[in-house]
Structure formats: C-alpha cells, structure tokens
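Chemist: Questions regarding the structure given below will be posed in turn.
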Amino acid sequence: MIAEKKKKWKRARLLILLSVVALLNLFPLVWLLDYSLLSNSDFYGDSIMKLPAPPLWSNYFSAIVDGKFFNYLLNSLFITGITIAVVITLSICLGYALIRMKWKGSRFVYTLLITGIMIPIHTTLLPNFFAFQAYGILNTRIALILPYIAFSMSLGLFIMSGFIEGIPRSLEEAAVMDGCGVLRIIKNVVIPLSKPAAVTVATMTFFNCWNEFIMAATYTSSDTIRTLPFAVMNFSGKYTSNYTVQFAVMFLSTVPAIIIFILFNKQMTKGIIAGAIKE
Amino acid sequence: MSKVLSNKKMIALLVLPGIIIFCLVILVPIFMSVFYSVTDYNGIDAMKFVGLTNYKKLIMDDKIMWLSIRNVFILSAGLIIIQHPLSIVCAIYVDKAGGVWEKIFRVLIFIPSMTSVVVTAKLWMNMLDPTFGLVNKILKAVGLTSWCQAWMTETTTALIAIVLIEIWVGFGWSMLIYYAGVKGIPADQIDAARIDGAADGHLITKIILPQLKPIIRINITLAIVNALKMMETVYLTTNGAPGNATQFVANYLYVKAFSDQKYGYANAISVVFIVICLIANFITKQITAERGEK
C-alpha cells in the first residue's frame, strides 16, 4: 500500500515538474496570446498578464482582414506543398539512378549533390539575386520554389538513398523478370517501400520552407506571392504603434504550423528525429 | 537486369532535372561568388579585377569578421553548455511520463520551435523592450527595478539575449532528438538498475548518459552548424548592433552585400564562409568517426 502510494506521488511530482517546464517554455507565446486579446493601452500599462475581459476579438478581425491572413496562408500552403512534392519525386529519381543504376560518374554526382547539405543558403543570396534578375524570375513564385527545392533536395537525396540501399535486390530482379522497366520498378517496388523515408523528407522540407524568411525577403517584394512570415512583417509596417493588433497577427501566423504539427504528430516526430540524426 | 539498369536514356531522365536545379541554384552561384570576390564590383561602377585584395583585407584587417566568428563560438558554447543539459533532463522526464502525457508534453515543448523566426524575433524584441517589455515589468514587480535596462542596446546583454533566444527557439529540437536517444535505450537495462535500487541521479550518469553518447555527438554537431548558419534572428532584432557586438558571419555577409553594396567584398566573405563550413563539417565528421570506432 505504502509503496503504491509512494509510486503515485512520484508520478504526480513528475507530471507537475513537466508542466512547469512546458509552461515556462510556452510562457512567451502565452503572453503573446494574452496581449493579442487586450487593447493597446494595456500594453503600455504595468501588469505582467491580464485577464482579457472581454477579449478584444477585433484585433483578430483586423489581423485576418487588414492583414490579408488567408492570402499569405494560401501562398505558404501552395509553395510548401509544391516544394515537398518535387523534392520527394527528385530524391526518389536521383536516389535510384545514383545508387542502383550502373553508370560512370554516379559516385561523383552523388558526392557533389550531397555537399549541398553543408552549403549555407546565405552564401548564395547575392549571386542568386543577380542570377534571378537575369533570368527574369525575381519576385515570382518560381524564385522561391526553385531555391527551396535545391536546398532541400540534397538532404532528401541523402535520406532516400540510404533507404533505397536497404531494399532487397531480389525484389527488383523479380520485377525485371516480369518485364518491368526502370520506371515500373520505381513505381511498383521503390515507391511503396520507401514511404517512411518519404515522410522524413516531407517533414524536413516542410521545416525548411514553411517559416523560411531570408530567401523570400531577398528574392520577392510583392505581398501577393509572399508567405506567412510576411503577414507579420507587412502588418507591423502598417500598424507601427498598435502592438496588440500586431500580436494578433503574430499569434495567428503560428497557428497553422501548430495545427499541422498536431495533425501529423506521429509522422512528423519520427521525421524530425530521423532527419536530424541523418544530417 | 544489368541491361535495364544501364539504360543511358533512363539515367539521364532521372538524374538531369535534379542536377540542373542544383547547378542553377547552388553550384553556379558559388562560382559567381568566387569570380566576383576578386573584383571591386559594386553594381554601379565598372568592375575592376583586384586580385586577392578582398581576401587579404577580410582575413588580416577586418575586426568585424573576427568578432562575428567569435560570436559563432559563443553561441555554440551557449547551446552546448546551457541548452543541451536542460534538454537531456527534459527528454528523460518526458520519456518517463508515458502514455498520453508523454505525447502531450512532446507536442507542448516542441511548439516554440515551430514558430517562425519573424514571430520569435518580434516577440522577444517586445518582451525586452526597455519601457513596456515584459522582462522589465517582471523585474519591477519583484522589486528589482535597478536591474531593468535596455537589454538589446547594451553590448553584453544584447549578445546574451540573442544566445538565450536561440536556446529557447532550439530547445524543442534538441529535446526531441535526445528523447529519441533515450527511447533507444533498452528498457530492461533501466529496469534492472531500478531493481538494484539505483537512485535517479545514478541512473542518469551511469546508465543513460553513456548510452546517449552518439546522440550527444549529433546534437553538438547540429549546434555548431546552427551557430554557423545563424542569421535571421540577428537580422530581425539587433542587426549586429550595438556597434557590431552581436554580429554573426551570415548576417555580416548580408549587410555588406545588400546595405553597403560592396558586392566584391561580400562575395569574398561568402567564399570564406563556405570554406569555414566545409572545414567545420570535416572536423566534426573526423571526431565522430574516431570516437565511433571505439
């Protein structure tokens, strides 16, 4: 009985401790949420936190309407979605051709592409700015999607090729016996077996693109094509001294990512771990 | 089989799109950087070949560059010494929670890491605001009014603030990676130690930490990589100020390129930066491989 009680108490202590840690960790965001429902004069006041009674929902109304929240959200979904789809496709194609197919130079191309993981995006900002200007794609969605693909592809290839190496050759041999070509092998053997790797690649690509700031700030200027982080940038330019309305936009712009993370929690947690360890 | 796998047309079809994108966005820009770095290009005047002048100036005379590199070291140290121990302990406790609670805490602790850098930077600028910021309000409330200050404009506190922001932003990532490590330790080893009556502290230092070694190495590598690539938080908060006390390599490069329009010089920084990253990667790989053989 006593041991049982002691165990229960120990568990309660653990949960309380974790709650404190989580609360401390989330406190800045809780503070942000709190003040996003208050009036601007409250921000200038002395209180640390204040019960929003009644909550000032009009801040969120301004955030959605004046902040063109859905415009930015759709851009983010579109650009991230396309990038993830292309990165997965390219890493499967490259992975198969570089790991399994026999040709001179495959080793060299593989090493070259993998080196991309180590190149910091910042070193390409200036030359790419000139290059994109020359191609005439500055301030278009392509100017975002293209570098996003390039910088996620190296890690994607690395993760995918590790996985493709582990596929038993006998499966492919059987497919060839049945008269399959390379494309059918990829479609019938590689793709069905590499779903876990695809989840990892998708997760890492999502994190690379969804909140990406500096490339978007450098290569684009018009708000009709920019992504969610710019909802905040653009809005804080318009409402310079109205802090609590800005807070509403800031909080709102983090909500989609949190929802996506909760919806795909299991896959994304696995993806983060596998991706980070591979890196 | 081998006939199918050496089909040249097929190989080209599979490989070329990826190679073209890689060349267009990563390889060609690097060559362009190398080319511009030996010129005095500024976008307006005619370009002149200046040899290695930019590199010489950058390595021999540029105090700001060395300050930026120092700050990269300070940030890596901050992440490794402060963030990692906290996230290891947190990971152990999250794992211990079990069931639904484990999942809930895993999500809650990771949420700040999902927030965009624009939000975290603006949020902390507001929290550290000298007049209306949360931090000074809290200090006033507990009677430490004399501690209140303009955090982001003082040389030391600004750098500390930036390191703390990064510790907070990356906490979820490092916790989750350590958590995976803790999950990988066979449960029977922990149970056996428990039955032997090992105390919690003993359990952590004798059983858990030695098994976490490979994960610790990965996380340290990631901390160094992240410190090297540090840019957006600085750009959106202090932009290197006061003076260049909070300058970081990537941000310095950006300032030189897009504010000062010294394209030649900025490209020299780019090239040196790439070399630093490749060397850092090589060294960490070397260390990892050496230890891995043991």
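The values are calculated or read from the model by the stated rules, or taken from the named source; none is laboratory data. Predicted model only: the values in this text are computed from it and were never measured. Virtual Cβ from ideal backbone geometry, glycine too; neighbours counted across all protein chains shown.
Chemist: Can you name the residue in segment B:133-159 that is surrounded by fewer than 17 Cβ atoms within 10 Å (Cβ to Cβ) and not in a helix (DSSP H, G or I) and is also farthest from the other protein chains (Cβ to nearest Cβ) among such residues?
Modeler: B:154
Chemist: Kindly establish whether residue A:136 is farther than 21 Å from residue B:15 by Cβ and surrounded by fewer than 16 Cβ atoms within 10 Å (Cβ to Cβ).
Modeler: Numbers: farther than 21 Å from residue B:15 by Cβ: yes; surrounded by fewer than 16 Cβ atoms within 10 Å (Cβ to Cβ): yes.
The answer is yes for residue A:136.
The rows are residues; the columns are (1) out of contact with any His (no Cβ under 6 Å at 6 or more places or on another chain); (2) assigned by TED's automatic domain parsing to the domain that holds residue A:120; (3) closer than 19 Å to residue B:3 by Cα; (4) not in a helix (DSSP H, G or I).
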site	(1), (2), (3), (4)
A:151	yes, yes, no, no
A:158	yes, yes, no, no
A:180	yes, yes, yes, yes
A:184	yes, yes, yes, no
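Chemist: Go through the residues of segment B:89-108 one by one and say whether even a single one is touching a residue at least 40 places away in the same chain (Cβ under 8 Å) and of a type in the set (Asp, Glu).
Modeler: Taking every residue of segment B:89-108 in turn, at least one turns out to be touching a residue at least 40 places away in the same chain (Cβ under 8 Å) and of a type in the set (Asp, Glu).
Chemist: Let me confirm something: among B:76, B:116, which residue is in contact with a helix residue (DSSP H, G or I) (Cβ under 6 Å, 6 or more places away or on another chain) and without any contact (Cβ under 8 Å) to a residue 60 or more places away in the chain?
Modeler: On the way: B:76 fails: without any contact (Cβ under 8 Å) to a residue 60 or more places away in the chain.
That would be B:116, the only listed residue that is in contact with a helix residue (DSSP H, G or I) (Cβ under 6 Å, 6 or more places away or on another chain) and without any contact (Cβ under 8 Å) to a residue 60 or more places away in the chain.
Chemist: Report the residue count in segment A:94-126 for those that are assigned to a helix (DSSP H, G or I) and either of a type in the set (D, E, K, R) or crowded, with 24+ Cβ neighbours inside 10 Å (or both). Lay out the reasoning, then the answer.
Modeler: Our first condition is that a residue be assigned to a helix (DSSP H, G or I); within segment A:94-126, this holds for A:94-99, A:106-118, A:122-126.
This time we only want the ones that are either of a type in the set (D, E, K, R) or crowded, with 24+ Cβ neighbours inside 10 Å (or both), so: A:94-98, A:107, A:113, A:122-126.
So the answer is 12.
Chemist: Then there's this: Answer with yes or no whether residue A:63 is aliphatic (A, V, I, L, M), within 28 Å of residue B:274 (Cβ to Cβ) and either in contact with an Asp or Glu (Cβ under 9 Å, 6 or more places away or on another chain) or surrounded by 18 or more Cβ atoms within 10 Å (Cβ to Cβ) (or both).
Modeler: Numbers: aliphatic (A, V, I, L, M): yes; within 28 Å of residue B:274 (Cβ to Cβ): no; either in contact with an Asp or Glu (Cβ under 9 Å, 6 or more places away or on another chain) or surrounded by 18 or more Cβ atoms within 10 Å (Cβ to Cβ) (or both): yes.
So residue A:63 fails the test.
Chemist: Say we look at segment B:268-285 and pick out the residues that are touching a Lys or Arg at 6+ places or on another chain (Cβ under 9 Å) and of a type outside the set (A, V, I, L, M); which of these is farthest from residue B:218 (Cα to Cα)? Write out each step before concluding.
Modeler: Quick first cut of segment B:268-285, residues touching a Lys or Arg at 6+ places or on another chain (Cβ under 9 Å) only: B:268-269, B:277, B:284.
Okay, now just the ones that are also of a type outside the set (A, V, I, L, M), so B:277, B:284.
Numbers: B:277: 16, B:284: 9 Å.
Checking each candidate, the answer is B:277.
Chemist: Still on this structure: Collect the residues in segment B:111-132 that are more than 20 Å from residue B:151 (Cβ to Cβ), at the interface with another protein chain (Cβ under 7 Å from one of its Cβ atoms) and part of a helix (DSSP H, G or I), keeping them in residue-number order.
Modeler: Matches in segment B:111-132: B:111, B:114.
Chemist: Please note which helices (runs of 4 or more DSSP H) are completely contained in segment A:202-279 and include at least 2 residues that are free of Cβ contacts under 8 Å to residues at least 60 places away in the same chain, of a type outside the set (A, V, I, L, M, F, W, C) and closer than 30 Å to residue A:92 by Cα. If you could, list the steps in order and put the result at the bottom.
Modeler: On the way: elements: A:214-219, A:229-238, A:243-263, A:265-278.
Answer list for segment A:202-279: A:265-278.
Chemist: Could I ask something else about it? Across segment A:51-70, what is the total count of residues that are touching a helix residue (DSSP H, G or I) at 6+ places or on another chain (Cβ under 8 Å) and assigned to a helix (DSSP H, G or I)?
Modeler: We begin by selecting, within segment A:51-70, every residue touching a helix residue (DSSP H, G or I) at 6+ places or on another chain (Cβ under 8 Å); these are A:52, A:56, A:59-60, A:62-64, A:66-70.
Imposing the further condition that a residue be assigned to a helix (DSSP H, G or I) reduces the set to A:59-60, A:62-64, A:69-70.
Residues in segment A:51-70 being touching a helix residue (DSSP H, G or I) at 6+ places or on another chain (Cβ under 8 Å) and assigned to a helix (DSSP H, G or I): 7 in total.
Chemist: Select the helices (runs of 4 or more DSSP H) contained entirely in segment B:21-97, then report the ones holding at least 2 residues which are buried (at least 18 other Cβ atoms within 10 Å of the Cβ). Reasoning before the result, please.
Modeler: Details: elements: B:28-36, B:53-56, B:63-78, B:84-97.
Correct list: B:28-36, B:63-78, B:84-97.
Chemist: From the list B:185, B:215, B:224, pick out the single residue that is farther than 17 Å from residue B:74 by Cα, touching a helix residue (DSSP H, G or I) at 6+ places or on another chain (Cβ under 7 Å), touching a residue at least 24 places away in the same chain (Cβ under 8 Å) and crowded, with 19+ Cβ neighbours inside 10 Å.
Modeler: Values: B:185 fails: crowded, with 19+ Cβ neighbours inside 10 Å; B:224 fails: farther than 17 Å from residue B:74 by Cα.
It is B:215.
Chemist: In segment A:171-189, what residues are aliphatic (A, V, I, L, M), under 30 Å from the mean Cα position of the chain (by Cα) and away from chain B (no Cβ under 11 Å)?
Modeler: The one that is aliphatic (A, V, I, L, M), under 30 Å from the mean Cα position of the chain (by Cα) and away from chain B (no Cβ under 11 Å): A:189.
Chemist: Going through A:96, A:44 one at a time, which residue ends up being in the same structural domain as residue A:182 (by TED's automatic domain parsing), of a type in the set (Ser, Thr, Tyr) and out of contact with any Lys or Arg (no Cβ under 6 Å at 6 or more places or on another chain)? Outline the logic, then answer.
Modeler: Numbers: A:44 fails: in the same structural domain as residue A:182 (by TED's automatic domain parsing).
None of the others qualify; the one that does is A:96.
Chemist: Go over the candidates B:263, B:235, B:254 one by one and state the one that is touching a Gly at 6+ places or on another chain (Cβ under 7 Å), over 25 Å from residue B:177 (Cα atoms) and of a type outside the set (A, V, I, L, M, F, W, C). Please lay out each step first, then the result.
Modeler: On the way: B:235 fails: touching a Gly at 6+ places or on another chain (Cβ under 7 Å); B:254 fails: touching a Gly at 6+ places or on another chain (Cβ under 7 Å).
Only one candidate passes the filter, namely B:263.
Chemist: Taking only segment B:236-262 into account, find how many residues are at the interface with chain A (Cβ under 9 Å from one of its Cβ atoms), surrounded by fewer than 24 Cβ atoms within 10 Å (Cβ to Cβ) and touching a residue at least 60 places away in the same chain (Cβ under 8 Å).
Modeler: Selection size over segment B:236-262: 1.
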